[in-house]
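Since the structure comes first, as structure tokens, the remarks are kept for the end.
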Amino acid sequence: MAMTNLEKYDYAFMSNFRASKEELPSLKYEGLGKWDSVSHMDLIADLESAFDIQMDTKDVLDLSNYEKGKEVLAKYGVSFDE
């Protein structure tokens, strides 16, 4: 069975930051020791690969927390209403 978009999204965060599903809503850039500039680019690469998109620089910088990431991906046609 294929993963839903939300499952793919959550997996990218959980695998990059070794976070539990419960921690995801509170994740934010530089608010977590594991989320620095290097891991941010790893996250972006994983999201671009998972959703077959190419984010522009403004959106890469705007993706500053878990919830904001959903808004950014919506610009690329990624829906989380499955």
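Taking Ser79 as the residue in question, decide whether it is in a helix (DSSP H, G or I), in contact with a helix residue (DSSP H, G or I) (Cβ under 8 Å, 6 or more places away or on another chain), loosely packed, with under 13 Cβ neighbours inside 10 Å and of a type outside the set (A, V, I, L, M). No: the conditions fail for Ser79. Considering the conditions (1) without any contact (Cβ under 8 Å) to a residue 12 or more places away in the chain; (2) surrounded by 14 or more Cβ atoms within 10 Å (Cβ to Cβ), Leu27 is excluded by exactly one of them, (1).
Please verify whether Leu6 is surrounded by 13 or more Cβ atoms within 10 Å (Cβ to Cβ) and in contact with a helix residue (DSSP H, G or I) (Cβ under 6 Å, 6 or more places away or on another chain), treating the condition exactly as stated. Taking the combined requirement at face value, the residue does not satisfy it. A single entry from Met41, Met14 fulfils the requirement of being on the phi < 0 side of the Ramachandran plot, assigned to a helix (DSSP H, G or I) and touching a Leu at 6+ places or on another chain (Cβ under 8 Å): Met14. For the condition out of contact with any Cys (no Cβ under 9 Å at 6 or more places or on another chain), surrounded by 13 or more Cβ atoms within 10 Å (Cβ to Cβ), over 13 Å from Gly69 (Cα atoms) and modelled with pLDDT of 95 or more, Ala50 qualifies. Out of Lys58, Lys34, one residue alone is part of a loop (DSSP other than H, G, I, E, B), free of Cβ contacts under 8 Å to residues at least 40 places away in the same chain and surrounded by fewer than 16 Cβ atoms within 10 Å (Cβ to Cβ). It is Lys34.
The values are calculated or read from the model by the stated rules, or taken from the named source; none is laboratory data. Predicted model, so just to flag it, every value in this text is computed and none were measured. Heads up, the Cβs are rebuilt from the backbone with ideal geometry, glycines too, and the neighbour counts pull from every protein chain shown.
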